[in-house]
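Shown next, in structure tokens, is the structure this report addresses.
The values are calculated or read from the model by the stated rules, or taken from the named source; none is laboratory data. Predicted model only: the values in this text are computed from it and were never measured. We place every Cβ from the backbone using ideal geometry, glycine too, and count neighbours over all the protein chains shown. We work out accessible area using only protein heavy atoms, side chains counted, and drop any ligands, DNA or RNA first. Shrake-Rupley method; radii C 1.70, N 1.55, O 1.52, S 1.80 Å.
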Amino acid sequence: MTMTRRDFLSAAAAVAATPVIGASARAPAPRDADIVVIGAGAAGVAAARRIMAANRKVIVIEAADRIGGRCLTDTATFGVPFDRGARWMHNPDANPMIKPARAAGLDISTAPQGQKIRIGRRYARAGETEEFLAALVRANRAIDDASRGKTDVSCASVLPKDLGDWAATAEFLLGANATGKDLKEISVMDKARAQDRSAAIACRQGLGTLIAKLGDQIPLSLSTRASRITWSRRDVLVETPAGKIAARAAIIAVSSNVLAAGNIKFDPDIPKRYLDAAARLSLGSYDRIALELPGNPLGLARDEIIIEQSNSTRTALLLANMAGSSLCSIDVAGSFGRDLSAQGEPAMVAFAVEWLTKLFGSDAAAAVKKSSATRWDAAPFVLGAMSVAEPGGQPSRRILAEPIGCMFLAGEATHETLWGTVDGAWETGERAAEAALRRIGALRPIEPVAPAAPPKRQRRMAPVRPGAPIN
Ligand SMILES: Cc1cc2nc3c(=O)[nH]c(=O)nc-3n(C[C@H](O)[C@H](O)[C@H](O)COP(=O)(O)OP(=O)(O)OC[C@H]3O[C@@H](n4cnc5c(N)ncnc54)[C@H](O)[C@@H]3O)c2cc1C
């Protein structure tokens with residue numbers, strides 16, 4: 001991923017509030033369909049919409065009692081939208097969710113970009129911020145350079161050794177905060193292939209609300225967990241506690257951790273390489289600790305982001321005064337976030353208060369009126385935050401995108417460049433739907449591309465670097 005010097009925080013700002021229960025309980029699922037979709041996260045919703053657009057019968061079954069998966073807007077806890085999962089979309093020019101979201105009456109706008117660094121109780125001076133930006137640029141360049149090598153290695157192993165006081169902060173921002181894992185667990189090839197995520201787009205009503213709204217019309221059975229799939233090249237039979245569903249193809253849009261954990265049984269077993277691939281793309285840890293801080297005791301602007309110059313992984317990212325409210329989110333991630341969230345919500349809130357006290361003084365921390373923390377690692381139907389490849393694991397994304405009989409995997413982990421994002425999940429849902437529609441003969445097969453005629457004269461081509469980020 002190439003970062004410009006000015007957008008050092010936006011790419012890392014994967015940030016998220018009372019669950020909007022997407023769809024109400026609906027009638028029992030029908031017993032057959034052309035295509036059955038397992039999971040109603042962004043990928044499953046996108047897949048179902050594409051199948052409906054092709055006038056084919058689809059059923060979506062969702063284990064949880066709500067639509068959206070890792071997109072969940074909570075409006076009950078604080079009375080304002082708090083995205084407990086994904087908060088921002090990316091790619092304003094190509095994002096396929098923006099048009100239907102606007103058509104559904106949602107407010108979509110560019111997310112504010114105010115970002116500051118705190119060094120103890122003061123803000124970084126201009127020169128210090130420049131130093132940090134330079135350190136980030138060098139770290140990114142080292143990762144990009146290493147990704148062109150023959151062997152995949154960890155991002156941590158190629159970082160410049162002279163990042164000085166900024167080393168731990170750069171590691172937090174590029175690793176835990178951007179992907180949910182520490183740099184030592186992340187493949188340089190996966191990181192370098194990640195498409196630029198710096199242009200953040202917000203939905204005023206919340207990204208969870210957006211996905212729920214876009215899934216409003218899909219035939220959906222909530223609280224219906226797929227437990228076993230009997231499959232062949234021609235059809236599938238999906239077992240759920242509410243009965244069996246027969247279909248000519250299936251789209252399995254669950255997280256890589258759910259797949260790797262074997263929570264869905266397959267008969268016959270699916271080839272081991274798919275389970276291995278899912279395990280190599282395991283989910284990082286990313287959680288939000290939301291604090292209601294009335295009266296703006298931190299003195300920060302709307303949607304301002306604060307990071308600290310830290311010397312360890314025990315740090316966080318603050319998003320203040322979310323959408324003009326008094327709600328602030330302190331995000332923890334990576335190995336530190338994982339350990340903290342395993343200790344439970346009181347420990348998470350205690351850390352957030354301690355961290356605020358360290359940076360803004362005890363009066364600010366004493367102003368906390370209400371709190372709530374997410375614990376995505378413990379969410380039974382997701383089991384983590386976002387996928388990122390371990391060293392050597394980048395090709396696993398392509399493996400997951402290969403069909404298994406008449407089954408097609410979808411979800412953010414199956415996207416080669418937009419992994420870990422809602423946009424990526426959405427695209428893979430549409431891609432899997434098209435493949436499944438083709439499989440059942442509802443779309444024309446892709447025409448093989450005719451071999452190009454040999455060029456009359458040999459021309460020198462501009463060198464194209466494989467895996468170069470599309471900026
Ligand atoms: C805290 C946090 C912050 C994030 N911030 C951002 C951000 O700002 N921007 C961004 O782009 N991305 C962000 N992400 C990542 C983003 O949320 C995910 O990439 C995306 O939502 C994944 O969608 P998905 O459809 O692939 O999977 P999921 O959302 O996990 O959907 C899978 C669905 O399958 C269901 N399911 C599981 N097992 C079964 C079963 N056996 N039977 C039936 N259903 C089943 C699950 O309940 C779930 O609803 C964030 C994630 C987290 C956790």
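Is there a quick way to get the dipole size of the chain? I mean about its Cα centre, with the Cβ of Lys and Arg at +1 and of Asp and Glu at -1; what is the value in debye to the nearest 20? Please list the in-between numbers first.
On the way: 60 positive and 48 negative charges, 278 e Å.
Approximately 1340 debye in magnitude.
Of SER372, VAL388, ALA350, which is farthest along the charge dipole of the stretch 340-402 in the positive direction, counting Lys and Arg as +1 and Asp and Glu as -1 at C-beta?
The listed residue farthest towards the positive side: SER372.
Can you report the principal axis dimensions of the stretch 75-138 using only the alpha carbons, biggest first, rounded to whole angstrom?
Ordered largest first, the stretch 75-138 gives principal extents of 46, 33, 17 Å.
Under 5 Å between amide H atoms, partner at least 5 residues away or on a different chain: which partners does ARG118 have, H built in plane at 1.01 Å?
Long-range HN contacts for ARG118: ALA124, ILE307, GLU308, GLN309.
What's log10 of I(q)/I(0) for the stretch 109-205 at q = 0.13 Å⁻¹, Debye sum over Cα points only, no solvent?
-0.52
Sort 256-264, 237-245, 295-303 by the packing proxy (mean of other Cβ within 10 Å over each peptide's residues), most packed first. All intermediate terms of the calculation are to be shown ahead of the outcome.
On the way: 256-264: 20.2, 237-245: 16.9, 295-303: 15.1.
Descending mean neighbour count gives 256-264, 237-245, 295-303.
So how much slack lies between GLU402 and LYS265, counting 0.36 nm per residue of separation and subtracting their Cα-Cα distance, in nm?
Working: separation 137, 0.36 × 137 = 49.32 nm, distance 1.86 nm.
That works out to 47.5 nm of additional length.
Multiplying the sequence separation of LEU443 and ARG273 by 0.36 nm and subtracting their Cα-Cα distance, what value in nm do you get? Kindly include the intermediate steps, with their values, before the conclusion.
Values: separation 170, 0.36 × 170 = 61.20 nm, distance 2.85 nm.
Answer, rounded to one decimal: 58.3 nm.
For the chain, what is the mean residue ellipticity at 222 nm derived from helices alone (per DSSP H run of n ≥ 4: -39500 (n - 2.57); sum divided by total residues; nearest 500 deg cm²/dmol)?
Numbers: 14 runs with 130 residues, N = 471.
Here the helix-only value at 222 nm equals -8000 deg cm²/dmol.
In nm, to one decimal, how far is the modelled label at ASN296 from the one at LYS358, with both set 7 Å along Cα→Cβ?
According to this spin-label approximation, the distance is 2.7 nm.
Carbon and sulfur atoms: what percent of the 1.4 Å accessible area of the stretch 232-323 do they account for?
On the stretch 232-323, the fraction of accessible area on carbon and sulfur atoms equals 49 percent.
Take the Cα atoms of the stretch 327-397, build their convex hull, and give its volume per residue in Å³.
Working: hull volume 8.7 nm³, N = 71.
About 122 Å³ per residue, rounded to a whole number.
Using only the alpha carbons of the stretch 187-285, what is the convex hull's orientation-averaged projected area in square nanometres? Intermediate results must be reported in sequence, preceding the final value.
On the way: hull surface 36.8 nm².
Dividing the Cα hull surface by four gives the mean projection, 9.2 nm².
Report the label-to-label distance for LYS150 and MET52 in nanometres (one decimal), using points 7 Å from each Cα along the Cα→Cβ vector.
It works out to 5.2 nm between the two label points.
Just check the stretch 304-424 against the gyration tensor rule for me: Cα atoms, a ≥ b ≥ c as the square roots of the eigenvalues, rounded for a/c under 1.5, and otherwise prolate or oblate depending on whether a/b exceeds b/c.
On the way: a/c = 2.44, a/b = 2.34, b/c = 1.04.
Prolate is the answer for the stretch 304-424, as a/c is 1.5 or above and a/b outweighs b/c.
Starting from the Cα of ASP162, move 7 Å in the Cα-to-Cβ direction to define the label point; list residues of the stretch 103-134 whose amide nitrogen is under 20 Å from there.
127-134
Mind ranking 173-186, 339-352, 69-82 by how tightly packed they are, going by the mean number of other C-beta atoms within 10 angstrom, highest first?
Values: 173-186: 25.9, 339-352: 17.1, 69-82: 22.7.
Output ranking for 173-186, 339-352, 69-82: 173-186, 69-82, 339-352.
What is the sum of charges, Lys and Arg at +1 and Asp and Glu at -1, for the other residues whose Cβ falls under 12 Å from the Cβ of VAL80?
Values: positive: ARG204, LYS370; negative: ASP74, ASP83, GLU292.
Summing Lys and Arg as +1 and Asp and Glu as -1 gives -1.
What are the residues whose amide H is under 5 Å from the amide H of LEU409, where those residues sit 5 or more places off or on another chain and H is modelled from the backbone?
Answer set, sorted by chain and number: ILE252, ILE404.
Once you have all Cα-Cα distances for the stretch 257-361, histogram them in 5 Å bins from zero and send the whole-percent values.
2, 11, 18, 17, 13, 10, 8, 8, 6, 4, 2, 1
Using a 7 Å offset from Cα along Cα-Cβ at ALA342, what residues in the stretch 380-395 end up with backbone N under 17 Å from the label point?
Counting only backbone N, you get 380, 383-385.
Per residue, how many Å² of accessible area does the chain show with a 1.4 Å probe?
Values: 19660 Å² over 471 residues.
I get 42 Å² per residue for this part.
Go through ALA142, VAL60, CYS71 and say which Cα lies farthest out towards the positive end of the charge dipole of the chain; charges sit on Cβ, +1 for Lys and Arg, -1 for Asp and Glu.
So the residue we want is VAL60.
For the chain, state what percent of all Cα-Cα pairs lands in each successive 20 Å bin, counting from 0 Å until the bin that includes the largest distance.
25, 55, 19, 1
Long-range amide H contacts for SER387: which residues qualify at under 5 Å (H placed 1.01 Å from N, peptide plane, sequence gap of 5 or more or a different chain)?
GLY284, GLY420
For GLY295, what is the net charge nearby, where nearby means another residue's Cβ is under 11 Å from its Cβ and Lys, Arg count +1, Asp, Glu -1?
Values: positive: LYS369; negative: GLU292, ASP363.
My count for the surroundings of GLY295 gives -1.
On full extension of the chain, what length is gained from ARG141 through ARG122, given 0.36 nm per residue of separation minus the C-alpha to C-alpha distance?
That pair, ARG141 and ARG122, stretches by 3.9 nm at full extension.
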